[in-house]
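Everything on this sheet refers to the single structure shown next.
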Amino acid sequence: MMNQAGFPLLSLITWLPLLGGVVILSLRGEEDVIAANARWAALWTSLIVFAMSLLLWSEFDSSEAGFQFVENVAWLPEFGVGYRMGVDGISILFVLLSTLLTPICILASWEAVRKNVREYMLVFLVLETMMVGTFCALDFVVFYMFFEGVLIPMYLIIGIWGGPRRVYSAFKFFLYTLAGSVLMLLALLAMWYSAGTADITVLLHTQFPTNMQYWLFLAFLASFAVKVPMWPVHTWLPDAHVEAPTAGSVILAGVLLKMGAYGFLRFSVPMLPQASAYFAPLIYALSVVAVIYTSLVALAQTDMKKLIAYSSVAHMAVVTIGIFTFNIQGIDGALFQMLSHGIVSGALFLCVGVIYDRMHTREIARYGGLAERMPAYAVTFMLFTLASVGLPGTAGFVGEILVLFGSFKVNFWLSLFGGSGMILGACYMLYLYRRVIFGRLTRADLQSILDLSPREVALFAPLVVLTLWMGVYPSSFTQFFENSVSAMVMQHHAAIEGASRVAARTPSHLAPRMVVPVAQSVVH
Amino acid sequence: MNWFLSLPEIVLALSGMGILLLGVVKRGDATQICSMLTIAALVLCAVLIVGNSFGPAFEGQFLADPISVFAKLLILAASAFSVLLSLDFNERAHIARFEFPVLVLFATLGMMMMVSAGNMMSLYLGLELQSLSIYVLAAFARDDLRSAEAGLKYFVLGALASGLLLYGISLVYGFSGSMDFVGIAHALADPASVSPGVIVGIVFVITGLAFKVAAVPFHMWTPDVYEGAPTPVTAFFGTAPKVAAMVLFARVMMGPFGHALGQWQTLIETISIASMILGALAAIGQTNIKRLMAYSSIGHMGYVLIGIACGNAAGLRSVLIYLAVYVFMFLGTFAVILAMRRRGEAVETIADLAGLGRNDPALALAMTVFMFSMAGIPPLSGFFGKLYVFLAAVQSGLWGLAVIGVLTSVVGAFYYLRIIKVMYFDEPGSAFDRRAPSLSVVAAATGIFTTFFFLLPAPVLNAAQAAAKVLFG
């Protein structure tokens, strides 16, 4: 099937990194030569992939709510499974986020990673394939393969190139995520079986019986809540962040956390409307707890990465509130918040990485007065700190304010408690900034610390531009998902009203059983 | 009498005798030539199987159908790979004798009879031919105390299991009046008229077969035998006999006993759950990698039993797919384990793998693939095995099995991850000896199958689908 690019663009974006990985594997020579070549090969591969995703961006028709660039290749036709790829307004920006952050991460690890460079670059490219694939997949089985496949490279990144407690963190990350995902697998199998196909585009319009929806929703929740992560299953995140190398943290915060929220948007809300509405208060409660609790925890941290990790949990809780408001503002805001958080928290981890590379410590108390020696760094860090706080004019503001609008429509208290995250966020972020950057530079070893190198400037430049761009002119991003989101919201409300109309018209015991297109013969 | 259908078995039997004769007659060491001839005979047999037609032979005692073809090809592949793996090991362990490949060959013949059995009698004959050969194989390193112990243990418990099986068969025969699978199925067609005697017989048959597949609670012999037997023999034990016994198990439960599904389903579910849980938990504390693999295989058999518990076409299909995937993962893992040698001595603890990622990246990569695959992480083949098993469970409404299955797979992931951790995260020890080319061949072949199964799963899936249609029209 042809798409508007004229060639399988999405598959190319997805699989090209793997090709780069093969090239890296085939490098021969001295260890230093291999390392240098591996770095360049990985950088060029990821840059080409990014360029192709820009092509995707420019060719994308944002007035269309459905899936575009669709590819469909028979894979296991007798099981109703196909290799189906496609993007809509919701997923396209995540593809771009992944392809943008990967070259930045590779550049960030240029000097920081010294052992097993070839393997490191290989694993990062594999990770890129998995991330892009997750957002492009339009088939359950394909989606699950990518979604779960992410664990392999991430486990290795944390475990091999991580900090002192890397083994514990890598195991915790892997097992937490796997435990959630396998339950989702069962839900996927149940949906696959009852609908007779694993095609997401078909399942988006399949009505599942309400009782079944509850179970499916809980199974999805198990997986996505761990991935987002929602309170109380967030504890793997601080550990993973602290131990992961800088680039690993950037990808983790920038993209992997978004997979959970993307899952809610792609599966839970549109496919299970009744159950989503039923469980929304639970999500609100967990999210509000997360906003307040993890913000307070962040305030007490002494490790910079841990602080930012906890702030990620708080910010992602705002996202989950937004998704489950089921109105356009809320979901638009959630999507925008995800994108801005992907860039801002990624940049914050890079900021930590910059001084960690110089001083090899992340203890906040070991720093102070960096503004004296590192003015450019101080400005950059300031921008991302304020964006994280949600200062108007930066990316962080737009998402939060939209989610607040959306949640205000649902409930005043939800909006109040959810919004308290902005105040608490200002507390811990500015407190962090004050302790690291301001004050007197008293420590002897900080006297000779160097400001940003050209490579680091190159890392931050695109992120700075994007942060301001998103803050000043958000509609150049929201226009991509507006149509998809309003279609989803309309479908959701239609489904809820449809169900309640049926219930109102007939006594409950006579209510017709909802028809599920069971094509069991296909699955048999 | 259409004896032509059993031509592959006849050819294999004759070539086995020929190779045995050659080994006795030939002067000097005949191990190499006998091993090569055995592999050739196995390959020839596979070709004959693919070319042969389907149908019952010897008045229904021998069945050539898609199920048996699927299983036989797997068994032959596993046996051929095992012989290949043994070449180098036996040489270095000073147990290189030409009887080894011949015994493997006769065990294979027995297994082929098992999966083709259409009658309780031919079933038992095949099973015993297989068992007697592998008892000897377990004790093949006869000067090694652990190997001798493994052989004895295997023999005593295996004989007990055979006895139970035989007793069960006699009860089923006595109460249903037939030895033939078709006849038994006919006698049990009306569930209301099934006598308690038959049920007792079925329970005994299940017990006997559960011994053979090492399902909990009849698994006690497995860790000791796996640890004690020479490593290539363990690789063989973990694959070919498991396939044969499992396919036989599936055929017996779904064929002759198929109508009594309601009577035995809970029993299979129970041993499946017990196997999955024990396989996941008991492996955590192991330090010897062969012992760990023994528990791992117990766990894997638990997953396969889910498919049998479903008792329908989807179940049978998932059993076959899982076995196909499992055989290659397991053989590949053992190729790596066999490569674990320092200064000529085989080492077997997990800690010995430390730093393999530095010392031998290719081998470590292969092991990583096998471990992630065993943990069921996509896109590796092990994921597909689990996917179809759980799909079958969901289709059959066996939610309890499915949920416990996925949760134990998470627990199991822990110890597979631990091996990867040791290889990559721990400080390197001294490097292993240069590995034999045969090991590299097996590791590469199985590794490629495991990694790229997802690209072209259709041949295996379609063959399994066709096989499932045999019992469920």
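The values are calculated or read from the model by the stated rules, or taken from the named source; none is laboratory data. Please read these numbers as outputs of a predicted model, since none were measured by experiment. Note that each Cβ is placed from the backbone with ideal geometry, even for glycine, and that neighbours are counted across all protein chains shown. Just the protein is used for accessible areas: all its heavy atoms, side chains included, with ligands, DNA and RNA removed. Shrake-Rupley method; radii C 1.70, N 1.55, O 1.52, S 1.80 Å.
What the table below lists for this structure:
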| item | result |
| --- | --- |
| Computed [θ] at 222 nm, helices only, for chain B once each DSSP H run of length n ≥ 4 contributes -39500 (n - 2.57) | -25500 deg cm²/dmol |
| Counted charge near B:ARG435, where neighbours are those whose Cβ lies closer than 15 Å (Asp, Glu -1; Lys, Arg +1) | -1 |
| B:ARG92/B:LEU455 FRET efficiency (R0 41 Å; Cβ-Cβ; nearest 0.05) | 0.65 |
| Point-to-point label distance, B:ALA351-A:LYS115, nm (Cα→Cβ direction, 7 Å offset) | 1.9 nm |
| Cβ crowding within 10 Å averaged over residues, with A:188-201, A:70-83, B:234-247 ranked highest first | B:234-247, A:188-201, A:70-83 |
| Extreme residue, positive dipole direction of the stretch A:88-216, given options A:TYR176, A:VAL142, A:TYR214 (C-beta unit charges) | A:TYR176 |
| Between the stretch A:160-182 and the stretch A:343-398, the alpha-carbon center distance in angstrom | 26 Å |
| Lys/Arg +1, Asp/Glu -1 at C-beta; chain B dipole; positive extreme among B:SER68, B:CYS34, B:ALA468 | B:CYS34 |
| Within the stretch B:365-406, backbone nitrogen closer than 19 Å to the virtual label 7 Å beyond the Cα of B:LEU281 toward Cβ | B:400-406 |
| Charge dipole magnitude, Cβ of K and R +1, D and E -1 - chain A, Cα centre, debye nearest 20 | 1140 debye |
| Cα centre as origin, Lys/Arg/Asp/Glu Cβ charges: the stretch A:282-427 dipole, Debye | 180 debye |
| Inter-chain Cβ neighbour average for residues A:186-193, partner chain, 10 Å | 5 |
| Sites A:GLU363 and A:THR210, calculated FRET efficiency, Cβ-Cβ separation with R0 60 Å, nearest 0.05 | 0.70 |
| Per-residue [θ]222 nm for chain A (sum of -39500 (n - 2.57) over DSSP H runs n ≥ 4, rounded to 500) | -24000 deg cm²/dmol |
| Rounded to the nearest 10 Å², the accessible area of A:VAL233 at probe 1.4 Å | 40 Å² |
| The stretch A:209-263 and the stretch B:172-224: distance between their alpha carbon centers, rounded to Å | 47 Å |
| Pairwise label distance in nanometres, A:PHE7 with B:SER430, each label 7 Å out on the Cα-Cβ vector | 5.4 nm |
| Chain A: relative contact order in percent, alpha carbon pairs under 8 Å with at least 6 residues between | 17 percent |
| Two-site FRET efficiency, B:ILE448 against A:SER420, from Cβ-Cβ distance with R₀ of 51 Å, rounded to 0.05 | 0.40 |
| For A:PRO454, net neighbour charge (Lys/Arg +1, Asp/Glu -1) across residues whose Cβ lies under 15 Å away | -3 |
| Heavy-atom accessible surface of the protein assembly as shown: percent carbon and sulfur, 1.4 Å | 68 percent |
| Flagged links, alpha-carbon separation over 25 Å, of B:LYS153/B:LYS421; A:LYS258/B:LYS421; B:LYS212/B:LYS290; A:LYS115/B:LYS421; A:LYS172/A:LYS306 | B:LYS153/B:LYS421; A:LYS258/B:LYS421 |
| Cut-off 15 Å between beta-carbons: net charge of the residues surrounding B:ALA117, Lys and Arg +1, Asp and Glu -1 | -2 |
| Reciprocal mean inverse distance between Cα atoms of the stretch A:164-278 - Kirkwood radius, Å | 14.9 Å |
| Check: chain B dipole with +1 on Lys, Arg Cβ and -1 on Asp, Glu Cβ, in debye | 540 debye |
| Leading residue at positive end of dipole, the protein assembly as shown (Cβ point charges), from A:ALA253, A:VAL436, B:ALA445 | A:VAL436 |
| Computed over chain B: relative contact order in percent, which uses C-alpha pairs under 8 Å that are six or more apart | 15 percent |
| Inter-chain shielding of A:70-79 (mean C-beta neighbours from other protein chains, 10 Å cut-off) | 2 |
| Helix B:289-310 axis, angle to chain B major axis (alpha carbon atoms, nearest 10°) | 20 degrees |
| Whole-Å distance, taken between Cα centres, linking the stretch A:310-326 and the stretch B:329-378 | 42 Å |
| 0 to 90° range, to nearest 10: angle between helix B:437-452 axis and chain B longest Cα axis | 60 degrees |
| Trypsin sites (Lys or Arg not before Pro), loop per DSSP, at most 11 other Cβ atoms within 10 Å - longest free stretch of chain A | A:116-439 |
